[in-house]
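Step one of this worksheet: look at the structure below.
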Amino acid sequence: MMTAEQRDTLKAWVRAPSTPQSVALRARIVLRAADGLANSRIAEEEDTSRPTVILWRRRFEQGGPAALPEIAPGRGRPVTYGADRVKAVVEATTQTKPAGATHWSTRSMARAQKMGHATVHRIWVAHGLQPHLTKRFKLSTDKRFTEKLTDVVGLYLNPPDKAIVLCVDEKSQIQALQRTKPGLPMKKGRCGTMTHDYKRHGTTTLFAALNVLEGQVIGECMAKHRHQEFLRFLRRLDREFPEDTPLHLIVDNYGTHNKPKVKAWLARHPRFSLHFTPTSSSWLNLVERWFRELTEKRIRRGSFDSVPELIAAIDEYLAASNADPRPFVWQASVESILNKIAKCKAVYQTLD
């Protein structure tokens, strides 16, 4: 008697594209048998033999779904390469480099190990190896790293009462690039296209403030990236929010944020409090995440024949984003970040 849980398991195997066809056939046989079909009819509909149907019905009765993927001793494709050969590929991939190159490819490894490149690929997949990929990183050398990290993460996880937390930054040197030819539209079987060459028509700088609680962004494009423009943006923030509301601004260590005139203005407006991220830690400012959305969804694939057209496109994206704001929720604790950095430093100390 098949249980409801077993039936759901077998149906999932039949639907899943990753299920081996032999296992999917066995699951269909057992499901049809549970529906009351005779062995001969099942064999006819599944284009197999009656003894095969009887075999897998018996196997299922004895071991349930777990018995269907099993391969009897002496059956199945014999192993071509043993554990020693697999270990040699893994060690060569992780501990050596090919002559004249920085990393292995499946074909270069196949030539070195005298096996097929498809076999190398399967070994890499099984061991989670991806020699063609790299990830960039940078460790902050800020002496006050822990202090600044704790301050900023504290604003995300435990913001002050009756105050607004804003992530403020500038996306400078946004280029108005005009593609030399119009791209082809997307159609079935082909993605959209765009030329790799372009004409430059100038740049703009976007000053932006992300409201951490609500997800809305106040943004303004300016021609230059100086402390004068930063002061102009601070004045706009001063107008945007009620006068009695404290504003906590998370900013980076760019020089314009520490100019004497900026400090003097902040002294005259005590409701503004600046919280600086550690050096080389732009990932700690959530507005950077919004900048990435802007780049991917509106700028990168765009073609702009002038700076005003680029600014209009940015303003359009701002309006659409603020019409349906989606806050970015910070979840990492200070302890988890410090533990991760400590592990990274420990690895590099062993390499020195």
Q: May I ask you to list the residues in region 268-289 that are out of contact with any strand residue (DSSP E or B) (no Cβ under 7 Å at 6 or more places or on another chain) and closer than 14 Å to residue 163 by Cβ?
A: 270
Q: Restricting attention to region 226-245, report how many residues are assigned to a loop (DSSP other than H, G, I, E, B) and over 34 Å from the mean Cα position of the chain (by Cα).
A: 4
Q: For residue 311, indicate whether it is in a helix (DSSP H, G or I), crowded, with 18+ Cβ neighbours inside 10 Å and either modelled with pLDDT under 95 or of a type in the set (Val, Ile, Thr) (or both).
A: yes
Q) With 52, 119, 93, 106 as the choices, which residue is β-branched (Val, Ile, Thr), surrounded by 15 or more Cβ atoms within 10 Å (Cβ to Cβ) and assigned by TED's automatic domain parsing to the domain that holds residue 21? A) 52
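The values are calculated or read from the model by the stated rules, or taken from the named source; none is laboratory data. Because the structure is predicted, anything quoted here is derived from the model rather than measured. Because the Cβ atoms are built from the backbone with ideal geometry, glycine has one as well, and the counts that use them run over all protein chains shown.
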